[in-house]
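To start, the structure itself, in structure tokens.
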Amino acid sequence: RLPIFYANTVLLKVFNLPFRLLKLKESFIAKFGSAPKFYVRAPGRVNLIGEHIDYCGYAVLPMAIEQDILIAVEPVNSDVLQLANTNSLYLDFSASINDIQIDKTKSQWHNYFLCGLKGIQEHFGLNNPTGMNCLLDGTIPPSSGLSSSSALVCCAGLVTLRANGKTLSKVELAEICTKSERYIGTEGGGMDQAISFLAEEGTAKLIEFSPLRATDVRLPSGAVFVIANSCVEMNKAATSHYNTRVMECRLATKLLSKSKGLDWKKMLRLQDVQAKLGVSLEEMLTIVEEVLHPEPYSTEEICKCLGISLEDLRSQILSQNTQDVSTFKLHQRAKHVYSEAARVLEFKKICNEAPANAIQLLGELMNQSYISCREMYECSCPELDQLVDICLQFGAVGSRLTGAGWGGCTVSMVPTDKLNTFLKNVKKAYYQSDVQRLALENNSLFATKPGRGALVFVEA
């Protein structure tokens, strides 16, 4: 179950929160005229390897980072929800807590809070949930691939849980928040929510699904992971890029299943096909080569292969924002997923066995992952390509995009003795050569280590 900490000087120093909490409390009092009763924190995450495979049913390997969403909360005796943000770019929001409406067409910040709130409301069947005043402070760069939106959903779910006097396990909370984020239209797989709740300081986690579980992965001591923001923003809910990939994997699942005589209508994830056939990931790659052609599939061809109408395809399989997509690349997407799933398992194996050349081997896996994301999954962009090249040039043994892609961040594995030189050279080559990037330089490049999961703070 989630720990609840009573704030004291020693504890707050551990979380580096004393000044921030005090400032947030003062801002809350100035905004609402009363003091918050508790605070909730949910971290962002960096995915070390295992991109775009959680929604296919495969294990991923993320860790929580120091950057987070922090919310000060006061339950109130009314049905009004009031949300405010310390960042003036994000407008205040107010609504009846009994009439939550989430507009999928607008990726406004408060909608992610509403997702987490609605998920808890529906899970417990809360007919008259308590109203709340909430003030949010976030340190995760938005639309950077570090899970700012999911951290907000998780934070909101935990806020609602605490305010209404309910309890759930970390796993239950992660699963509810995964489902509830889909209210905004994102067909995610659950990695972000799982690591936000299940993370522990000092260790990355292998996150597995169905059932959800997390296993410690001790990272090698001779290297650090460095996050670099490309300064290209990408919001998963604002475009169809992400959901198109989810649908391509779903369609590849259907065609592979049908070709092997499986009940394709019940099959949703590429992992389901492997499990039903009882074969290895390597054998699945061979099946992909045999069954799926590299040329894009038109909707007409997909319908012909499955023996369904275009109307059935759109209404029964495709998501709302992929209805008008006319072609899908199934071979490439399936090939990426099965090969990436194998890389995740190999990454964990190397960490566990810790051979003398572990850092080099892990770096090679990260590089392979990036090439597959760029060429097979096509979720990179020119700025990410440039940034990965720069990171490798200046000492990273492995570098790859992290998060959805099409912008956001890279994560690089850098030998500890090269870190200072690496940071200096990457700053000069990528950030200081561009006026817009230079303005964001201070928050765009940093070394990170495995952090803690979501927490509740209550003032003593």
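The values are calculated or read from the model by the stated rules, or taken from the named source; none is laboratory data. Predicted, not measured: the structure shown is a model, and the values here were computed from it. Cβ coordinates were reconstructed from backbone atoms using ideal geometry, including for glycine residues, and neighbour counts include every protein chain displayed. Note: accessible area is taken over every heavy atom of the protein model, side chains too, but ligands, DNA and RNA are not part of it. Shrake-Rupley method; radii C 1.70, N 1.55, O 1.52, S 1.80 Å.
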Legend entry - Accessible area (Å², per residue) of the chain, counting only protein heavy atoms and a probe of 1.4 Å: 42
Inset, instruction - Only one of the values [x] 37, 32, 22; [y] 56, 24, 22; [z] 35, 29, 20 was calculated from this structure for semi-axes √(5λ) of the Cα gyration tensor in Å; name its label. - result: [z]
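Counting only helical runs of four or more DSSP H residues, what would the 222 nm mean residue ellipticity of the chain come to if each run contributes -39,500 (n - 2.57) and the total is spread over all its residues?
Working: 16 runs with 193 residues, N = 460.
The per-residue figure over the chain is -13000 deg cm²/dmol.
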Legend entry - Inter-probe distance in nm under a simple model that places probes 7 Å from Cα toward Cβ, at E66 and D263: 5.2
Legend entry - Carbon/sulfur fraction of accessible area - the stretch 143-231, other protein chains in place, 1.4 Å, %: 44
Legend entry - Residues of the stretch 41-60 with amide N under 13 Å of the 7 Å Cα→Cβ point at E289: none
Legend entry - Per-pair calculated FRET efficiency, R0 = 22 Å: F446 and F19 via Cβ, rounded to 0.05: 0.70
Inset, instruction - With label points built 7 Å along Cα→Cβ from the Cα atoms of K37 and S298, find their separation and express it in nm. - result: 6.1
Legend entry - Options L251, G407, I140, ranked by Cα towards positive dipole end of the chain, top entry (Cβ charges): I140
Legend entry - Net charge dipole size for the stretch 342-460 [Lys, Arg +1 and Asp, Glu -1 on Cβ; Debye, nearest 20]: 280
Legend entry - Rounded accessible area of K349 (nearest 10 Å², 1.4 Å probe): 100
Legend entry - Check: the chain dipole with +1 on Lys, Arg Cβ and -1 on Asp, Glu Cβ, in debye: 840
Inset, instruction - Would you calculate the separation in nanometres between label points at K276 and K106, each defined as 7 Å from the Cα along the Cα-to-beta-carbon direction? - result: 4.2
